[in-house]
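Student: Take a look at the following structure, please.
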Amino acid sequence: MAAPDEQAVERAIASIAQSDPLIKLLQQVRLGRMKPTDAGLLAVTESWLSAYEQALATDGLSQSGLRRLDPAPRLSVLIDAGVLSDDHQGVMSLKTSYNRVLTHAGGE
């Protein structure tokens, strides 16, 4: 049986993955089938940012578990593709939330 922290990380990852725009939609942008400013892509991305913030609040996450959930790499990909900007309210909010929960998390 997985440790409680591992179970919490798996739950958080599952929540994040449900609306992850990188899986299919970003490929459509790269292939030119969808523009980075497409309203549908923006809606999915906004939903994903919100889901990510909620996932960071998953009970039982330690600092090591939270480090595995660092949103920076995924945000960088979306920013580089022009889907989001560094000063986007959702991006700034997610980064702030991540840093806050990481600072206050216990253990490891």
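Student: Considering only residues that are open to solvent by less than 50 Å² (accessible area, probe 1.4 Å) and more than 14 Å from Gly82 (Cα to Cα), look in segment 18-34 and name the one that is modelled with the lowest pLDDT.
Tutor: If we take residues in segment 18-34 being open to solvent by less than 50 Å² (accessible area, probe 1.4 Å) and more than 14 Å from Gly82 (Cα to Cα), then Ser19 is modelled with the lowest pLDDT.
Student: Next question. Restricting to segment 40-55, name every residue that is under 11 Å from Ser15 (Cβ atoms) and surrounded by 20 or more Cβ atoms within 10 Å (Cβ to Cβ).
Tutor: Trp48, Tyr52, Ala55
Student: Here's a follow-up. State which residue pairs qualify: first residue within 24 Å of Glu53 (Cα to Cα) and inside segment 20-36, second residue in a helix (DSSP H, G or I) and not aliphatic (A, V, I, L, M) in any location, beta carbons under 7 Å apart, and separation of 6 or more residues or different chains.
Tutor: Cβ pairs passing all conditions: Asp20/Trp48; Pro21/Thr45; Pro21/Trp48; Leu22/Arg74.
Student: Let me ask another. Working only within segment 1-13, note down all residues that are surrounded by 11 or more Cβ atoms within 10 Å (Cβ to Cβ), of a type outside the set (Val, Ile, Thr) and over 19 Å from Val91 (Cβ atoms).
Tutor: Passing the criteria: Ala3, Pro4, Asp5, Glu6, Gln7, Ala8, Glu10, Arg11.
Student: Checking the structure you have, find out if any residue of segment 50-63 is over 25 Å from Lys24 (Cα atoms), out of contact with any Lys or Arg (no Cβ under 6 Å at 6 or more places or on another chain) and of a type in the set (Ser, Thr, Tyr).
Tutor: Yes; the residues of segment 50-63 include at least one that is over 25 Å from Lys24 (Cα atoms), out of contact with any Lys or Arg (no Cβ under 6 Å at 6 or more places or on another chain) and of a type in the set (Ser, Thr, Tyr).
The values are calculated or read from the model by the stated rules, or taken from the named source; none is laboratory data. Only a predicted model underlies this, so the values are computations on that prediction, with no experimental measurement involved. Reconstructed Cβ throughout: ideal geometry from the backbone, glycine too, with neighbour counts over all protein chains shown. Each accessible area value is taken on the protein alone, full model and side chains, heavy atoms only, with ligands, DNA and RNA left out. Shrake-Rupley method; radii C 1.70, N 1.55, O 1.52, S 1.80 Å.
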